[in-house]
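Notes to accompany the following structure.
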Amino acid sequence: MTFEASGPPLPLPAEGQFPAVTQQEFEGILVGQLGTPVIVNVWASWCAPCRTEMPLLQRAAETYGDQVVILGVASNDSPEAARKFLDEFGLTYPNVFDVSGKVRVDLGVTAYPTTYVFGADGRLQATVTGGISEQRLAAVIEGALR
């Protein structure tokens, strides 16, 4: 599957914000990160494997700092449940809410969670369907940094 973001660049949401985004806004956020690899993790509060990998994504965000952007996308969920989930884990990396489900559809999500790895050039490099291990996450991030 090929997915390439287009449109005017938008900034990442500020820490602590959890904006509802349209497909165009999501793509704008990706375009705004050109030059930096982006790991997009599509999750839902009701997803058990998502609970397991959230701390791994948080650690990766802290470890790689400005080298890589970790961006969470809550989808197929209620904004209230998703916000509670973020607060429960104390996540500081940016997250957005897929308000219409179109982000999920355009990315081709078939299972929760799904992680997409975009290179610094904005091109999709890898997709990991289902839960991601710490080792696999480190490997895809290192691959994106090359």
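Structure values in brief
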read-out: Members of the range 103-146 found to be touching a helix residue (DSSP H, G or I) at 6+ places or on another chain (Cβ under 8 Å) and acidic (Asp, Glu), listed by number; value: ASP106, GLU134
read-out: Strands (runs of 3 or more DSSP E) enclosed by the range 29-145 - at least 3 residues per element that are under 21 Å from GLU15 (Cβ atoms) and at pLDDT 95 or above; value: 38-43, 69-74, 95-98
read-out: Complete set of residues in the range 48-92 that are free of Cβ contacts under 8 Å to residues at least 40 places away in the same chain and of a type in the set (Val, Ile, Thr); value: THR63, ILE70
read-out: When residues of the range 58-102 are limited to those that are touching a helix residue (DSSP H, G or I) at 6+ places or on another chain (Cβ under 8 Å) and of a type in the set (S, T, N, Q), the one nearest to LEU137 (Cα to Cα); value: GLN58
read-out: Residues within the range 3-21 that are buried (at least 16 other Cβ atoms within 10 Å of the Cβ) and of a type in the set (S, T, N, Q), tallied; value: 0
read-out: Hits in the range 9-28 - residues which are among the small types (Gly, Ala, Ser) and either in contact with a helix residue (DSSP H, G or I) (Cβ under 6 Å, 6 or more places away or on another chain) or at pLDDT below 95 (or both); value: ALA14, GLY16
read-out: Any pair with Cβ under 7 angstrom, 6 or more apart, that starts in the range 128-140 at a residue that is of a type in the set (D, E, K, R) and ends at one that is outside any helix (DSSP H, G or I) and at pLDDT 95 or above; value: ARG136/VAL128
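The values are calculated or read from the model by the stated rules, or taken from the named source; none is laboratory data. In this text, all values refer to a predicted model and were calculated from it rather than measured experimentally. Glycine also receives a Cβ, built like all others from the backbone with ideal geometry; neighbour counts cover every protein chain displayed.
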